[in-house]
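Structure first, commentary second.
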Amino acid sequence: VVIITGDRGNFDRSALPKSVELLGQLAEMNIPWQMIRVAADENDALWDQLAENARGRIVAEHTGDGIYRTLLEALTGWPPVVADDVSLTLSFNPLQVRSYRLSGHEVTTLTGGSPDPVQVDLGADQTAIGLYEVSLKPGNGKVVASVEVAWRHPDTGEESRITRPILRDQLNGSCVSAPAWFQESVIAAKAAESLRGSYYAPRAHPVVRILDLARRVDPGIAAEADFQQLLELLDAARKLR
């Protein structure tokens, strides 16, 4: 049983015995229960006392990702973190690649340059994306880069790594023909570069160009609330400039 409460404060101490009695009945029937408080503050002594006496669990979460991970763990039994210290390292083939750069980010990112990439913990169904702008040399060479993903098992601490080649024909095609998640990432990266005045952003009407590209993205992405908010921000920036 999962209970979600929007109570951001503390409940009255007089309600504690009745709450312990009712929730304790679930524990007596071997029904695990958990309460998610939509609150940024940590549990105080009364919340902790309720969880201990009624043999349940009470956590405070205030972000969408945090609530999602907590619900996923409660309903499926999966741990909130499935991979510790995840890092991704790219090595470009100088015989095939003329130049490359990390797009849309500041210096420190998950896909930061070797030998010291940033490490993050990833939960179930969670992804991390990094975009590179790559200029290829003429030729027919197949392997343009290799990618290595390394991580540790959250329970055993065992280290694992996977290495895969990136082929030239995987880089062909246009943004509008790419997968929806890639289209969304490109728009977000270009918007970030334009709004912070990046050296790589187009000098002439950069926001207008991004908005034009955004109008051609996958309809499913275009309908998302977050994407619409990004477009509203870009349109406001266009009017200011």
Check: Which residues, taken from the stretch 140-156, are free of Cβ contacts under 8 Å to residues at least 60 places away in the same chain and either in contact with a Cys (Cβ under 7 Å, 6 or more places away or on another chain) or surrounded by fewer than 11 Cβ atoms within 10 Å (Cβ to Cβ) (or both)?
Finding: N140, T156
Next item on the list: Answer yes or no as to whether I221 is more than 19 Å from the chain's Cα centre (by Cα), open to solvent by less than 30 Å² (accessible area, probe 1.4 Å) and touching a residue at least 24 places away in the same chain (Cβ under 8 Å).
Entry: no
Check: open to solvent by less than 40 Å² (accessible area, probe 1.4 Å), under 30 Å from D85 (Cα atoms) and out of contact with any Ser or Thr (no Cβ under 7 Å at 6 or more places or on another chain), is that true of S194?
Finding: no
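I'm trying to understand the selection: among the residues of the stretch 49-65, which are of a type outside the set (A, V, I, L, M), outside any loop (DSSP other than H, G, I, E, B), touching a strand residue (DSSP E or B) at 6+ places or on another chain (Cβ under 9 Å) and modelled with pLDDT of 90 or more?
Residues of the stretch 49-65 of a type outside the set (A, V, I, L, M): 49, 52-53, 55-57, 61-65.
Next cut, outside any loop (DSSP other than H, G, I, E, B) only: 49, 52-53, 57, 61, 64-65.
Among the residues that remain, those that are also touching a strand residue (DSSP E or B) at 6+ places or on another chain (Cβ under 9 Å) are: 57, 61.
Within the stretch 49-65, R57 is the sole residue that qualifies.
Out of Q229, Q170, which single residue is free of Cβ contacts under 8 Å to residues at least 40 places away in the same chain, within 23 Å of V149 (Cα to Cα) and either part of a helix (DSSP H, G or I) or of a type in the set (V, I, T) (or both)? Break it down into steps so the answer makes sense when it comes.
Values: Q229 fails: within 23 Å of V149 (Cα to Cα).
Residue meeting the stated conditions: Q170.
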Check: Of the residues in the stretch 66-79, how many are buried (at least 16 other Cβ atoms within 10 Å of the Cβ) and part of a loop (DSSP other than H, G, I, E, B)?
Finding: 0
Check: Pick from the stretch 101-135 the residues that are at pLDDT 50 or above and among the hydroxyl-bearing types (S, T, Y): which of them is surrounded by the most Cβ atoms within 10 Å (Cβ to Cβ)?
Finding: S103
Margin query: Consider the stretch 8-44. How many of its residues are assigned to a helix (DSSP H, G or I), at pLDDT 90 or above and not basic (K, R)?
Written below: 11
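The values are calculated or read from the model by the stated rules, or taken from the named source; none is laboratory data. Since the structure is predicted, the reported quantities are computational estimates derived from the model, not experimental observations. Virtual Cβ from ideal backbone geometry, glycine too; neighbours counted across all protein chains shown. Accessible surface is based on the protein model in full, side chains and every heavy atom, while ligands, DNA and RNA are left aside. Shrake-Rupley method; radii C 1.70, N 1.55, O 1.52, S 1.80 Å.
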